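The values are calculated or read from the model by the stated rules, or taken from the named source; none is laboratory data. Values in this document were obtained by computation on a predicted structure and should not be read as measured data. Quick reminder, even Gly has a Cβ in these numbers, built from the backbone with ideal geometry, and neighbours come from all protein chains shown. The protein model used for the area step is the full one, side chains on, heavy atoms only, and it has no ligands, DNA or RNA in it. Shrake-Rupley method; radii C 1.70, N 1.55, O 1.52, S 1.80 Å.
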Amino acid sequence: GIAVLPFDNLSPDPDNAFFAGGVYEEVLTKLSRIGELRVISRTSMERIAEDKLEVGEIGARLGVSHVLEGSVRKAGDQIRVTVQLIEAASDNHVWAENYDRKLDDVFAIQSEIAIAIADQLKLTLSPELQANLSERPTQNQAAYALYLRALDERGTWRGSDGFKAMIDLLEPAVAADPDFLQAQVLLADAYGRMNWTGSDPDGSHADKARQAVAQILERWPDHPQSRIAQGQLRYNLDRDYAGALTHFEAVRAQLPNDIELLRSIAGSLKWLGRNEAFLELARRVVELDPESALASGELTLALLANERLDEAVTTAERSYARFPQDQVTRRNLAWAKVQRDGDIEAVLQLTPDSREAMLAHFVKGDFDALQRPRDPRNPNHHSQTRAELLKLAGKQAAAQAVLEPYTQHVVPGLLAQLSGTSLTSQQRALTHANVAGWAALVGKPEQAREHLTQALAAPPTSDMAFFYSLLSIAERRLGNADAAWLLVEPYIGQTGSYGHGELRAFKPFYDKVYGESPSYRAYVAKLGVQAK
């Protein structure tokens, strides 16, 4: 195993920090292609660097045998890269090198570093892998600088704003060098992510993503990056996780430590409900990215999906101690405590704006709390859930007040999308199901049934647990408790559906909406609780 600390920027211009980061990123990328190495991810190493640990401490904390340090100095068209490889246990410097070159030789430097490290660690590289490590992504330095800035932008999650910034950098990079494959793939993914985050109302980014991937496939049909681009397209636009998984798995052996690829595979397995395989890969991702809240959170979800509840709580508590302000970490800890202990107070404490917090207020009889918007910046946040709970509590006027702005401002947009052509078949089915739930809630059963029929006419090929949960919500609001329960029962335990701990913790709510279903009553009886 090797831990590569972020390279120091020694350039006179501090704005060149992105360049040092880019050289560092590419060295990591090349090392990650060596299957015999376990290469710790950039995310974890940036956090390790913040802790300013000694080399021996880094080795012990991450379980690696070697640590690589480096620096980059760029001045005009000259570049100096200095690296040193240190044995973690002894703190001995086993290899060091200075590379003084023209800027055009930066790619050769990155390749030479990776090959030299493999040689020092007595690793055998096949001729194919050596050629792969020596590959030059582009001859155009201006395009490469834009690409490095886009990589730097990707390093911090900013939702659609971040992807838009990446697009603004990558479009001129691709225009400057149409042969720059890595930039093409990153651009296609950024287009797809705009659609995935719901920031593509007219479908233009989805169209650009499809066009970009078609061009990549036409020009580089056999390149591993082409398979990744196809997988990303299936994942981001089509939510076709089985198709995405096929493409991702096809290149996994060639990119054994690629953390983004492994995350994509794990995500596909999660949404496909392949819980054991999801857990196995989530553990591998944590091995490569041990200081990541995201990696720890996915491991928590995988443990919960496999009903390893004690380990899930322990993992979530450890992550919370490290990242107490991370919202996903807080939710995962609350969710783990609900699943294992039925601890609804943890939900109220850790995630007061969540859907689960609303259920907790309902269970506790605190109906006044349900009338207040949970997120003042987004008053329509979870409006349907809040209104349903208020109606079940007999607060009809309050429910209507919650629903009114949602009906005025959100529903017209959903209906407009359904009348257009920008939605994929997956998105169309989910939107029909969502509108059906609203129509049932506001007392429009004919409209609800029409949208349910439309949703089932062309059901999605993935996200099935989430899809059927939306259909179930509509059916139960129409008063069809048994039909509603039978829609979700096959998916219990999968991402997007209920867990056993949730059914226990929020039983008063689920009794209200499913209690008339014989199938539901029989199911919860097996959990050791009785439906009222």
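Structure above, values below:
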quantity: Qualifying residue in the stretch 209-217 (condition: open to solvent by 30 Å² or more (accessible area, probe 1.4 Å) and closer than 20 Å to Gln427 by Cα); calculated: yes
quantity: Tally of residues being under 27 Å from the mean Cα position of the chain (by Cα), on the phi < 0 side of the Ramachandran plot and not aromatic (Phe, Trp, Tyr) across the stretch 475-504; calculated: 13
quantity: Residues being at pLDDT below 95 and of a type in the set (S, T, N, Q) - total across the stretch 233-256; calculated: 2
quantity: So Gly59, is it in contact with a Pro (Cβ under 6 Å, 6 or more places away or on another chain) and under 26 Å from Ala295 (Cβ atoms); calculated: no
quantity: Hey, Ala399 open to solvent by less than 30 Å² (accessible area, probe 1.4 Å) and either part of a helix (DSSP H, G or I) or in contact with a helix residue (DSSP H, G or I) (Cβ under 7 Å, 6 or more places away or on another chain) (or both) or not; calculated: yes
quantity: Wholly within the stretch 424-532, helices (runs of 4 or more DSSP H) carrying at least 2 residues that are in contact with a Leu (Cβ under 7 Å, 6 or more places away or on another chain) and within 17 Å of Thr385 (Cα to Cα); calculated: 425-441, 464-477, 507-514
quantity: Residues satisfying the stated conditions in the stretch 250-304, i.e. farther than 16 Å from Asn332 by Cβ, open to solvent by less than 20 Å² (accessible area, probe 1.4 Å) and assigned to a helix (DSSP H, G or I); calculated: Val251, Leu261, Leu262, Ile265, Ser268, Leu269, Leu281, Leu288
quantity: Among the candidates Tyr520, Tyr468, residue that is buried (at least 19 other Cβ atoms within 10 Å of the Cβ), over 23 Å from Ile344 (Cα atoms) and among the aromatic types (Phe, Trp, Tyr); calculated: Tyr468
quantity: Among the residues listed as Ala416, Ala448, the single one being of a type outside the set (Phe, Trp, Tyr), more than 30 Å from the chain's Cα centre (by Cα) and closer than 28 Å to Asp240 by Cβ; calculated: Ala448
quantity: In the stretch 402-423, residue least open to solvent (accessible area, probe 1.4 Å) [restricted to those that are of a type in the set (Ser, Thr, Tyr) and not in a loop (DSSP other than H, G, I, E, B)]; calculated: Tyr406
quantity: Enumeration of residues in the stretch 266-277 that are free of Cβ contacts under 8 Å to residues at least 60 places away in the same chain and over 11 Å from the mean Cα position of the chain (by Cα); calculated: Leu269, Arg274, Glu276, Ala277
quantity: Residue list for the stretch 142-172, filter: farther than 16 Å from Gly21 by Cβ and either of a type outside the set (Gly, Ala, Ser) or touching a Leu at 6+ places or on another chain (Cβ under 7 Å) (or both); calculated: Trp157, Arg158, Asp161, Phe163, Lys164, Ile167, Asp168, Leu170, Glu171, Pro172
